[in-house]
Amino acid sequence: MKQTQPLLTLLLLALSINGVFSQQVLDKAYLNCQYEYTRKSDTLIGKTKDDQLILQVGEKVSKCYSHYSNQVDSINALPNGRRISGKMLDNAIKSGEFFKGNYLHKRMKAYIYKNYPQGKMTVTDGLSLQDYVYEDELNAQQWEIKDSTKTILDYQCQMATCDFRGREWTAWFTTDIPVSDGPWKFGGLPGLIMEAYDKGNQYVFTIVGLQRVEDEPIFFSETYVGSKRFEKTNRKEFLKAKKAALMDLNGYIEMETGIDLSGGNLPKIMRYDLLELDYK
């Protein structure tokens, strides 16, 4: 995982000292997994977008989220967080790093809580300047375990496949880590999912590290944008709204850069498909 910028490190330290992280604690993690998440952000030209996902696994609850989006949310939690974020963006533009994509901005906006509430999944996600919350089905994939094997991070892994919400997925899991969990919304296999990708590799999740931890708190992350509260919705309605936003180039730019260019008259075009395609 890329090193945190010195300024950001100080900001996050200040957050912990000032108790901003006093959100609801859902569980204590005993396993922390890091995944590289790559998606084709513009299928018209083959452009890809990278992210780092964190999976915290506790005895009762797990949480999956973007390392980068969590950093942005942590800054926005400060009383003057919006001003700090604006200054960091301004500096990135002046230095030219913005145009290379080397600046702090939200990537995957979803925070995924498995087995919260018990037997279900809670997802918070954002569109423009508002965050939403909806309930989803836990372990919704119907996996077919195959005989193929390969090694990932020195763990012997076995293949499994499924059709899930409009995409054909291949996953590699290891029974050496008997945790029925994985990145994003994946789970339900007799071992930790180490890698998953769809047909065509538009979306790819690959584990790059994992550590045993002790009493690492799993927080329910608050929202610090828009109304500063989550608007309740359902999964399909949220996905329909997200697709509509992606059809608008203003919305596409906002999702990719975190910059709201609303008010412009940019053409409508669908740059890439969503992870889930069953909302139609």
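Please specify each residue of segment 53-108 satisfying the condition of being part of a strand (DSSP E or B) and touching a residue at least 60 places away in the same chain (Cβ under 8 Å).
Result: 53, 55, 56, 57, 58, 62, 63, 64, 65.
Of all the residues that make up segment 97-143, how many are crowded, with 17+ Cβ neighbours inside 10 Å and not β-branched (Val, Ile, Thr)?
Looking only at that region, the number is 25.
Go through segment 157-182 and give me each residue that's out of contact with any strand residue (DSSP E or B) (no Cβ under 6 Å at 6 or more places or on another chain) and assigned to a strand (DSSP E or B).
Once the filter is applied, which keeps residues that are out of contact with any strand residue (DSSP E or B) (no Cβ under 6 Å at 6 or more places or on another chain) and assigned to a strand (DSSP E or B), segment 157-182 yields 163, 164, 168.
Condition first: outside any strand (DSSP E or B), farther than 21 Å from residue 50 by Cα, without any contact (Cβ under 8 Å) to a residue 40 or more places away in the chain and not aromatic (Phe, Trp, Tyr). Can you find one or more residues in segment 198-214 that meet it? Don't jump to the end; show me each part of the working.
At the first step, the residues of segment 198-214 found to be outside any strand (DSSP E or B) are 199-202.
Still in the running and farther than 21 Å from residue 50 by Cα: none.
Among the residues of segment 198-214, not one is outside any strand (DSSP E or B), farther than 21 Å from residue 50 by Cα, without any contact (Cβ under 8 Å) to a residue 40 or more places away in the chain and not aromatic (Phe, Trp, Tyr), which makes the answer no.
Does residue 227 qualify as being buried (at least 19 other Cβ atoms within 10 Å of the Cβ) and either at pLDDT 70 or above or over 22 Å from residue 136 (Cβ atoms) (or both)?
Taking the combined requirement at face value, the residue does not satisfy it.
Give all pairs with beta carbons closer than 7 Å in which a residue from segment 154-171 that is more than 13 Å from residue 203 (Cα to Cα) meets a residue that is in a strand (DSSP E or B) and of a type in the set (A, V, I, L, M); count only pairs at least 6 apart in sequence or on separate chains.
From segment 154-171, the pairs are 155/194; 157/194; 158/145; 160/145; 160/171.
The values are calculated or read from the model by the stated rules, or taken from the named source; none is laboratory data. Note that this is a predicted model, so its numbers are computed, not measured. For neighbour counting, all protein chains shown are included, and Cβ atoms are generated from backbone atoms with ideal geometry for every residue, glycine included.
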